[in-house]
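The values are calculated or read from the model by the stated rules, or taken from the named source; none is laboratory data. The model shown is predicted, which means the values in this text are computed figures rather than measured ones. Methodologically, a virtual Cβ is constructed for each residue, glycine included, from the backbone with ideal geometry; neighbour enumeration extends over all protein chains shown. Side chains included, ligands, DNA and RNA excluded: accessible areas come from the protein's heavy atoms. Shrake-Rupley method; radii C 1.70, N 1.55, O 1.52, S 1.80 Å.
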Amino acid sequence: MSKSLQLYFAFSLAMLLLALFFGAVAAFAFLYPEFYNKYLPFYQLRPMHVSSALFWIISGATAGILFYKKAAFDTTNSQPRVEKTFIYLWMGTVVVVFIFYAFKKFGGREYWEFPPFLGLAILAAWLFLMYSYYTSWTKRKKKPPLYVWMWSTGILFFLITFIEQNLYQLTWFRQSFLREITVQWKSNGAMVGAWNQMIYGTSLYIMVKMSGDEQIARGRKTYFFYFLGLTNLMFNWGHHIYNVPGASWIRHVSYAISMTEWLILISIIQGFKAKLTEQRKYRHLLSYRFLIASEYWILLNLLLALFMSIPAVNRYTHGTHITVAHAMGATIGINTMILLASIGYIIKIDRLNVARKKYITIGFITSQASLLVFWLSLITAGILKGYRDVALHITPFQEMMRPVISVLHVFAIAGVVLFAGMALIVFNYIKALAQMKPTHEKRFAKNEGLIGLNPILNNSSKTGNVKPIVKPT
Amino acid sequence: MIRWIWVSLFICFSGYTLLVYRECDSTQASADSKALAGMQTWQEKNCQSCHQLYGLGGYMGPDLTNVISEPGKGSDYMKSFIKYGTGSMPNFNLTDNEVANLIAFLDWVDKSGQSRVHPSSVHWTGTYNLSK
């Protein structure tokens with residue numbers, strides 16, 4: 001792995017830790033605003049939390065894609081200088097974003113809360129990434145498997161939705177508030193779909209590599225679900241604005257297409273699970289555990305998402321903490337687990353020493369248990385708020401929120417435990433990353449490419465004499 | 001085959017996007033310069049991190065979509081909140097002009113529609129039929 005990519009992986013993990021740290025502090029700032037307003041107010045902590053979470057997801061996904069693409073495209077042309085430019089420009093911009101937050105300079109848009117001119121640097125960095133990625137795509141030697149389609153789709157749609165996010169700079173878009181809010185949430189919704197494509201593509205890639213079965217990423221059923229996911233990305237964002245009195249057909253289209261996106265991955269993983277032997281499961285136990293955890297979180301979030309996508313139910317859940325539960329469940333439970341599986345796979349966590357594996361396991365169990373408490377308390381808070389606000393019409397606001405705040409104390413404590421659990425994982429990941437040799441990527445690409453070798457390698461790879469444990473399928 | 005499906009979907013998405021842009025607000029109600037300046041202040045002070053408009057935004061304070069027309073609230077009520085803050089809301093030390101712009105912005109938002117969906121708007125299929 002190149003030094004810059006190694007640094008980029010470490011940077012993405014640091015963003016994860018920051019997201020959880022700012023999230024934990026923000027939860028207490030939410031509960032005790034009088035105290036925090038003097039030092040670090042909630043309106044300053046929230047963008048720090050949201051942005052670091054977003055930058056973790058996008059950086060973790062793109063770092064993985066940059067690492068895997070050599071093997072996936074079976075090409076050596078990786079535009080290293082362009083790639084490096086992307087990495088440093090991206091990381092540098094993120095640092096500047098946090099400096100602006102520290103000085104309370106905001107852009108006030110959901111997800112991207114920094115002053116809009118910084119978006120130009122984000123855009124430029126992304127164009128460098130696209131140039132590097134699509135140059136490799138055009139030089140690929142094989143018909144692209146599904147995960148390559150997913151990465152390519154995610155990278156392209158991130159660009160489209162990021163530009164769409166900033167259309168409000170044009171007068172026509174902000175002249176009407178309904179248009180302004182509709183376009184903002186159309187792009188936000190589709191952008192989530194874009195990074196999901198990148199992350200699920202990575203998940204599929206790891207599955208293919210773990211099972212040694214390339215057909216997982218080439219079957220007709222898998223492609224059918226990919227296109228269903230793409231349809232969702234394009235048209236299923238309306239649940240954000242069901243209550244906005246715009247054209248009704250926008251609402252009906254979104255409702256009809258609904259939240260089928262989660263079903264796609266379940267189906268893919270189910271097919272994969274059947275193909276794994278006990279031995280393979282054992283050898284990749286820790287990475288595999290993260291993927292298994294993501295499956296459970298998909299199921300839980302799927303249930304939630306299906307209810308929330310029905311407008312009649314959304315009437316009660318919209319604007320409540322149930323929406324936060326869904327966002328957190330998807331970001332931490334699904335996306336983070338897949339990305340930790342991906343990074344764990346790259347740094348070969350199952351070959352770390354026993355003590356380090358033990359710490360990662362403790363961190364894993366702690367984070368799963370606390371995330372469940374965290375998630376359930378948000379749902380409880382959301383049900384309470386929805387019932388008291390929509391059904392009982394309790395006013396004033398403070399009175400309506402009184403029992404909700406009590407439940408949120410559980411959420412805040414669970415957040416601290418979640419941060420501690422994740423910190424244990426992240427510190428050990430970063431340590432392992434720091435110990436990786438710069439030549440690792442070449443060997444990884446050579447031995448884990450789509451050239452028929454099974455990636456489950458034994459420890460003799462240290463000598464460069466790599467032997468596949470399982471014969472190619 | 002895969003490429004064709006992809007391109008077809010993309011064409012549908014492009015057409016759909018243009019339709020959404022055009023039809024999402026049939027009233028074509030445009031903002032005056034005060035409301036747009038208020039929107040700018042709303043964003044610069046990151047008001048959406050604590051408040052919601054149409055249920056979108058933060059959860060710390062109340063939804064402000066219809067605060068201007070809500071009985072017992074209105075412009076003067078909002079002015080004092082914005083100008084001086086409360087126990088949970090910090091004082092942003094805004095100028096009178098900025099406060100007036102924010103009120104104009106909230107008034108513009110209020111006129112765009114109702115955030116709360118009335119039970120009679122819920123169709124038996126589970127969807128809504130909303131009119132401004």
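Annotations for the structure displayed:
- Length-normalised contact order for chain A - Cα pairs under 8 Å, 6+ apart - percent: 18
- Region A:1-67 versus region A:161-200: alpha-carbon centroid distance in Å: 22
- Close amide-amide hydrogen proximity is noted between A:ASP74 and A:LEU450, each under 5 Å apart and 5 or more residues distant or on a separate chain (H modeled in the peptide plane; Pro and chain starts excluded).
- Tensor-based shape of chain B (alpha-carbon gyration tensor, a/c under 1.5 rounded, otherwise prolate or oblate): prolate
- The residues of chain B expose, per residue, 51 Å² of accessible area to a 1.4 Å probe.
- Sites count as exposed loop sites when they are trypsin sites (Lys or Arg not before Pro), lie in a DSSP loop, and have at most 16 other Cβ atoms within 10 angstrom; the longest stretch of chain A without one is A:276-473.
- Once backbone amide H atoms are built at 1.01 Å from N, A:GLY107 has A:PHE114 as its partners under 5 Å, excluding neighbours fewer than 5 places away on the same chain.
- Value of relative contact order over chain B, rounded to a whole percent, pairs C-alpha under 8 Å and six or more apart: 24
- Hz values of 3J(HN,Hα) by residue in region A:216-224 - Karplus curve (6.51, -1.76, 1.60), Gly and Pro given as x: 3, 9, 10, x, 5, 5, 5, 5, 4
- With a cut-off of 11 Å between beta carbons, the residues surrounding B:ALA100 carry a summed charge of 0, where Lys and Arg count +1 and Asp and Glu -1.
- Global geometry of chain A, whether rounded, prolate or oblate, following the gyration tensor of its Cα atoms and the 1.5 cut on a/c: prolate
- Whole-Hz ³J(HN,Hα) from phi, Karplus 6.51 cos²θ - 1.76 cosθ + 1.60, for region A:179-185, glycine and proline x: 5, 4, 6, 5, 5, 4, 8
- Charge dipole magnitude, Cβ of K and R +1, D and E -1 - region A:284-438, Cα centre, debye nearest 20: 580
- Measuring with a 1.4 angstrom probe and ignoring ligands and nucleic acids, A:GLU164 comes out at about 10 Å² accessible.
- Radius of gyration and Dmax over the Cα atoms of region A:21-129, both given in Å: 16.9, 58
- Cα-projected label distance for B:MET1 with A:LYS143, points at 7 Å along beta-carbon direction, nm: 0.9
- Site pair A:ARG402 and A:ILE99 shows an inter-label distance of 4.8 nm when each label is modelled 7 Å from Cα along Cα→Cβ.
- Å² per residue, accessible surface of region A:284-438 at 1.4 Å: 38
- Summed over both chains, the contact between A and B buries some 6200 Å² of accessible surface at a probe radius of 1.4 Å.
- For region B:1-72 versus region A:84-137, the gap between their alpha-carbon centres in whole angstrom: 23
- Relative protection proxy for B:66-73, A:121-128, from highest mean packing down: A:121-128, B:66-73 (other beta-carbon atoms within 10 angstrom).
- Each part gets one Cα centre, and for region A:322-392 versus region A:232-251 those centres are 28 Å apart.
- Accessible surface of chain A, 1.4 Å probe, proportion on carbon and sulfur as whole %: 68
- Helix content alone sets the calculated 222 nm mean residue ellipticity of chain A: runs of n ≥ 4 DSSP H residues at -39500 (n - 2.57) each, divided across all residues, give -25000 deg cm²/dmol.
- In Hz, Karplus ³J(HN,Hα) per residue of region B:66-77 (6.51, -1.76, 1.60; θ = phi - 60°; x = Gly, Pro): 10, 5, 6, 9, 6, x, x, 10, x, 4, 5, 4
- Taking amide H atoms as placed 1.01 Å from N in the peptide plane, the amide H of B:TYR128 lies under 5 Å from those of B:HIS123, each 5 or more residues away in sequence or on another chain.
- For region A:284-438, dividing the convex hull volume of the Cα atoms by the residue count gives 103 Å³ per residue.
- Per residue of A:96-108, other chain Cβ atoms within 10 Å of the residue Cβ number 2 on average.
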